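Handing you this structure, nothing more for now.
The values are calculated or read from the model by the stated rules, or taken from the named source; none is laboratory data. Just so you know, these numbers come straight off a predicted model, no measurement behind them. Every residue, glycine as well, gets a Cβ built from its backbone with ideal geometry; the counts of neighbours run over all protein chains shown.
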Amino acid sequence: MNEPSRPRPLKEAARITQMLDLVLGADRFDRAPVDMINLALEYSRQVAPESPIHEVVERNIPGCVGALVYGEVRPRQWAIMYHAGQSEGRRSFTVGHEFGHYILHRQQIEEGASFDGGIYCDENAVIRRSGLGIEQEADEFAAALLMPFHDFRRQLPAKARVDFDTLSRLAKRYGVSLTAAILRWLEYTEARAIMVVSNEGFAHWAKTSAAALKSGRYIRTRDTIFELPAQAFAARQDYSDAALTGTTQQAGVWFPEPVHEMCFRSDRYDQEITVLQFEAEGPRFQAEEEETDVFDHFVRNGQMPVR
């Protein structure tokens, strides 16, 4: 029986990952994360010597996190731009996202009437990983290349509970932001968990693990305002060591069941990251309670969206 084909972004990321493992060793992450800038420059010269990525540069591109642009003369010369002021970890994922567009979509971008000299990607597409279509594919490519599951799962098993020390160690191992590391963990964990990104007492956005969603535990942030519970660390502006370690909030604070809450404050980006982890499997999901924005496809079909 033939193995089902993998989505193209994962195939392309796996191809490069296997090459890096062969050249640098399977233990390469013990020494350093992926050097995404040099990888984009060198690999593009190998696969498309007539139209490679000739530079990766910092630019002020208001409203965007990153961009992949091309020159007017054929064969095209390409460049990746990342918005000024990003942390090293955010920059790495941004460059990986734009590199994904180059590997997967450059012909579409060059020939498409809707693209004016390139593609420009906003925070929703890159940082929050909530884009659709080719934006989602570029995110999948970047995440798989920077944080391959075969290594990530060894560092943090699917059934394990997390703390910020573990998540920060993983972010450093893969050279990404804490947000990116948490999002990657949420993609495969068997734990019921939610990440909430907030500021001034209100959630900007949230991501939910598959197990949490199946039990009806999610936070809706699209087209609605979600005010944090008054007892939440972020609402109380408590960013102490106790917040980093976390505490169990009783039933009725966040949800109708207890949940372990821990919170980290990023002054650089003026936001808090809260991670909620539930005990055991919890109640089974009821169709009428399903999320209606991030998980629209799930709502319509009664199935988890394919990632």
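Tell me which of these residue 257 doesn't satisfy, since it passes every other one: (1) within 22 Å of residue 157 (Cα to Cα); (2) of a type outside the set (Ser, Thr, Tyr); (3) surrounded by 15 or more Cβ atoms within 10 Å (Cβ to Cβ).
The single condition residue 257 does not satisfy is (1).
With the structure loaded, tell me whether residue 19 is aliphatic (A, V, I, L, M) and within 23 Å of residue 149 (Cβ to Cβ) or whether it fails that test.
yes
Could you list, in sequence order, all residues of the stretch 48-69 that are of a type in the set (Val, Ile, Thr) and either at pLDDT below 95 or under 13 Å from residue 119 (Cα atoms) (or both)?
Hits for the stretch 48-69 are 61, 65, 69.
Follow-up. Which residue pairs have Cβ atoms closer than 7 Å, lie 6 or more positions apart in sequence or on different chains, and pair a first residue in the stretch 35-58 that is within 16 Å of residue 77 (Cβ to Cβ) with a second residue that is surrounded by fewer than 16 Cβ atoms within 10 Å (Cβ to Cβ) and modelled with pLDDT under 95?
Taking only residues 6 or more apart or on different chains, the pairs are 50/75; 51/75.
Out of 115, 141, 93, 152, I need the residue that is modelled with pLDDT of 95 or more and surrounded by fewer than 24 Cβ atoms within 10 Å (Cβ to Cβ). Which one?
152
Counting only residues that are in contact with a His (Cβ under 9 Å, 6 or more places away or on another chain), give me the helices (runs of 4 or more DSSP H) lying completely in the stretch 92-179 with at least 2 of them.
Answer list for the stretch 92-179: 123-126, 134-146.
Residue 197: within 15 Å of residue 128 (Cα to Cα), in contact with a Phe, Trp or Tyr (Cβ under 6 Å, 6 or more places away or on another chain) and not assigned by TED's automatic domain parsing to the domain that holds residue 265, yes or no?
So residue 197 fails the test.
Just to verify a result, which residue in the stretch 41-66, among those that are out of contact with any helix residue (DSSP H, G or I) (no Cβ under 7 Å at 6 or more places or on another chain) and in a helix (DSSP H, G or I), is nearest to residue 127 (Cα to Cα)?
That would be 41.
Given (1) over 22 Å from residue 144 (Cα atoms); (2) surrounded by fewer than 21 Cβ atoms within 10 Å (Cβ to Cβ), identify the lone condition not met by residue 183.
(1)
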